[in-house]
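For reference, the structure is listed below as structure tokens.
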Amino acid sequence: MASLSSLYSSSSPSLKPSVKPLTAPIRGADSFSFPHTSKPTHLLPLTLSRSASRSDISHTNVAAKKELIKDPNALWNRYLDWLYQQKELGLYLDVSRVGFTDEFVVDMEKRFKGAFKDMEDLEKGSIANPDEGRMVGHYWLRNSSLAPRPGLKTLIENTLDSICSFADDIVSGKIKPPSSLAGRFTQILSVGIGGSALGPQFVAEALAPDNPPLKIRFIDNTDPAGIDHQIAQLGPELASTLVIVISKSGGTPETRNGLLEVQKAFRDAGLNFAKQGVAITQENSLLDNTARIEGWLARFPMYDWVGGRTSVMSAVGLLPAALQGIDIREMLAGAAIMDKATRRTSLKNNPAALLAMCWYWASDGVGSKDMVILPYKDSLLLFSRYLQQLVMESLGKEFDLDGNTVNQGLTVYGNKGSTDQHAYIQQLREGVHNFFATFIEVLRDRPPGHDWDLEPGVTCGDYLFGMLQGTRSALYANGRESISVTIEEVTPRSVGALIALYERAVGLYASLVNINAYHQPGVEAGKKAAAEVLALQKRVLSVLNEASCKDPVEPLTLDEIADRCHAPEEIEMIYKIIAHMSANDRVLIAEGSCGSPRSVKVFLGECNVDDMYA
Ligand SMILES: O=P(O)(O)OC[C@H]1O[C@](O)(CO)[C@@H](O)[C@@H]1O
């Protein structure tokens, strides 16, 4: 394995914005109203600063709230007029409670021409991620014939076949764990973070049967206590645990740490990790090479042209799903149907375009309002967390494609209904008006034959339904806009479709606001800073070691340590490093009070003449 510092290496692209004026659209001052009652909405070229535009907009909404349609007939007609249905999937989209105007739609239809063209080019293999010089091909995963080269088509199909047959062999016990005590694999421990965890987590929560052939657990952080907890929960079943290490880059520090911790647990238990380890990563990545050299049980590919946050229909999401007994071909089929539906170039008949249009309307095309996702179904609990990365890592960008500073984004949060009704819906209805809601409704309450009336004529599911409809109405009555997505059941097909719907909506929205949705340059800054902290920690230890090897030992103040590290400007960070190490029983001894850092004097409990910290 490479050293920590090499794993932290940063490659943030240098984006130099030009000084062109910002031209972002906003809606007009009297625009928060429905057709028939509204004055025209204009998309104005904006040359003000962003803060100016935001305050203008919030005043707009407060003032215009009164203009919402209250007449039930007019609302019903709007509902009928805009209701979208995808028959094959049993999916409906209702945008009637978003207040866009006819004029806005006409303007957006023009803008969508460009967005549809961008999407068409992307699907044909254009370099849709220009900073990284990459194609963006997650749509090919569910329809390999779209792949721009025959070799890619074959790769996609072969990988899918090998996922299915490997999963079958594991589930059937044809491939067994090496320990003679373990009959067959019973558990999966998935190690990965971000897009290498969120998709598998969402799919597992949504679709895993009550008694899956293999149960799944996740290590998705570098929190030692969290890792210990997962391993402790496995207990003796570690011997029958398939460890799937997922990292597109193969060098993400948190994932590497998770792997090292799990490998140690295997060593401590006298188990052979390699015979239970599976890697999902790009060919020749650090992880891939490690898995190959150590002879892990299996390796599956990640592709350059699939981003982490859209990787759930690659081996990243499909392998864990198949091992849990989830029908992955149905997931892919649902996504493929949705892909077809969202390729249509008529705004009204394209559910992803309708979503993107509503986001644009509701957030003024500048993220001025947050998107609250409210699935009324426990199994969809993680949908909002999944969407948080998909939407925010894709749309949260400083620069647009022309280098203008735009600070774009759309904040996503949510949990589930009706639970949230007893948490934050109070603020949504009556408090600060900084959001729009998306209700995810599931028509089927529970499998047929299990329902019963807990009151005459009323089931438990009727309550859930009532809570959803009640909240939607109550929010609307107070001028809060909402979108409703309805599916018949939570199935592999509908989950695949939901994922595809939002992937496409994000892509279209990104085109509308002219940003690259497929890179994440901002994440690099935090990684780089973390690497610097760890490098400073090594210098601190080295300085302390030198002082502690003296006779007598020379305890150092924080100022002295900072001076000897040639980093006086880092004194606060040095204090935090020392406080953290001392809280964790390291060899370091700190005298004085942590509450008054100037009183602290530090030396090492052991002197290391070879200075292993240098
Ligand atoms: O799969 P990897 O390469 O380990 O990356 C994990 C996650 O880290 C990010 O790059 C952000 O740091 C995400 O985009 C990605 O999903």
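For the structure I just gave you, tell me whether GLY409 is more than 26 Å from LEU508 (Cβ to Cβ) and not in a helix (DSSP H, G or I).
So GLY409 fails the test.
Here's the yes/no breakdown for (1) hydrophobic (A, V, I, L, M, F, W, C); (2) surrounded by 19 or more Cβ atoms within 10 Å (Cβ to Cβ); (3) in a helix (DSSP H, G or I); (4) more than 16 Å from the ligand (Cβ to nearest atom):
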{"residue": "LEU89", "(1), (2), (3), (4)": "yes, yes, no, yes"}
{"residue": "ALA115", "(1), (2), (3), (4)": "yes, yes, yes, yes"}
{"residue": "SER145", "(1), (2), (3), (4)": "no, no, yes, yes"}
{"residue": "GLY151", "(1), (2), (3), (4)": "no, no, yes, yes"}
{"residue": "THR154", "(1), (2), (3), (4)": "no, no, yes, yes"}
{"residue": "GLU157", "(1), (2), (3), (4)": "no, no, yes, yes"}
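Among (1) closer than 30 Å to TYR360 by Cβ; (2) surrounded by 15 or more Cβ atoms within 10 Å (Cβ to Cβ), there is one condition VAL543 misses while meeting the rest; what is its number?
Against the list (1) closer than 30 Å to TYR360 by Cβ; (2) surrounded by 15 or more Cβ atoms within 10 Å (Cβ to Cβ), VAL543 comes up short only on (1).
Does the stretch 382-406 hold any residues that are of a type outside the set (Asp, Glu) and assigned to a loop (DSSP other than H, G, I, E, B), and which are they?
Listed by number, the residues that qualify are LEU382, GLY396, LYS397, LEU401, GLY403, ASN404, VAL406.
Would you mind telling me which numbered condition in (1) surrounded by 18 or more Cβ atoms within 10 Å (Cβ to Cβ); (2) part of a loop (DSSP other than H, G, I, E, B); (3) not β-branched (Val, Ile, Thr) SER249 fails?
Looking at each condition in turn, SER249 falls short on (1).
Table: residues versus (1) assigned to a loop (DSSP other than H, G, I, E, B); (2) at pLDDT below 95.
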| site | (1), (2) |
| --- | --- |
| PRO447 | yes, yes |
| SER494 | no, no |
| ALA497 | no, no |
| GLY507 | no, no |
| GLY526 | no, yes |
| ALA529 | no, yes |
| LEU536 | no, no |
| VAL540 | no, no |
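Go through (1) within 16 Å of the ligand (Cβ to nearest atom); (2) in a loop (DSSP other than H, G, I, E, B) and name the single condition GLY270 misses.
Result: GLY270 passes all but (1).
In the stretch 280-301, which residues are over 26 Å from LEU214 (Cα atoms) and near the ligand (Cβ under 10 Å from one of its atoms)?
Filtering the stretch 280-301 down to residues over 26 Å from LEU214 (Cα atoms) leaves 283-286, 289, 293.
Listed by number, the list holds a single entry, SER285.
Only one of these is part of a helix (DSSP H, G or I) and β-branched (Val, Ile, Thr): THR486, THR471, THR438. Name it.
Just a single option satisfies the conditions, and that option is THR471.
Sort out which residues of the stretch 198-214 are surrounded by fewer than 24 Cβ atoms within 10 Å (Cβ to Cβ), closer than 13 Å to ARG385 by Cα and touching a Phe, Trp or Tyr at 6+ places or on another chain (Cβ under 8 Å), and write them in order of number.
The answer is GLN201, and nothing else.
Just for helices (runs of 4 or more DSSP H) wholly inside the stretch 302-381: which have at least 2 residues that are within 16 Å of the ligand (Cβ to nearest atom) and crowded, with 22+ Cβ neighbours inside 10 Å?
Those helices (runs of 4 or more DSSP H) span 315-323.
Which ones in the stretch 344-376 are small (Gly, Ala, Ser) and more than 17 Å from VAL485 (Cβ to Cβ)?
Within the stretch 344-376, SER346, SER363, GLY365, GLY367, SER368 qualify.
Looking only at residues in the stretch 511-538 that are among the polar types (S, T, N, Q) and away from the ligand (no atom under 16 Å from the Cβ), which one is nearest to ALA614 (Cα to Cα)?
So, considering only residues that are among the polar types (S, T, N, Q) and away from the ligand (no atom under 16 Å from the Cβ), the one nearest to ALA614 (Cα to Cα) is GLN537.
Return the only residue of THR438, THR471, THR459 being over 26 Å from TYR84 (Cβ atoms), modelled with pLDDT of 95 or more and of a type in the set (Ser, Thr, Tyr).
THR459
When LEU181 is evaluated against the numbered criteria (1) touching a residue at least 12 places away in the same chain (Cβ under 8 Å); (2) exposed (fewer than 15 other Cβ atoms within 10 Å of the Cβ); (3) within 30 Å of ALA510 (Cα to Cα), which criterion, by number, is the only one it fails?
(3)
Only one of these is more than 25 Å from TYR303 (Cα to Cα) and more than 24 Å from the chain's Cα centre (by Cα): LYS275, LYS264, LYS215. Name it. Before you say what the answer is, go through the steps one by one.
Working: LYS275 fails: more than 25 Å from TYR303 (Cα to Cα); LYS215 fails: more than 24 Å from the chain's Cα centre (by Cα).
Going through LYS275, LYS264, LYS215 in turn, the sole match is LYS264.
In the stretch 194-251, what count of residues is obtained for those that are within 16 Å of the ligand (Cβ to nearest atom) and small (Gly, Ala, Ser)?
Total satisfying the criteria: 9.
The values are calculated or read from the model by the stated rules, or taken from the named source; none is laboratory data. Being a predicted model, the structure only gives us computed values, none of them experimental. With ideal geometry, Cβ positions are generated from the backbone for all residues, glycine too; neighbour counts draw on all protein chains shown.
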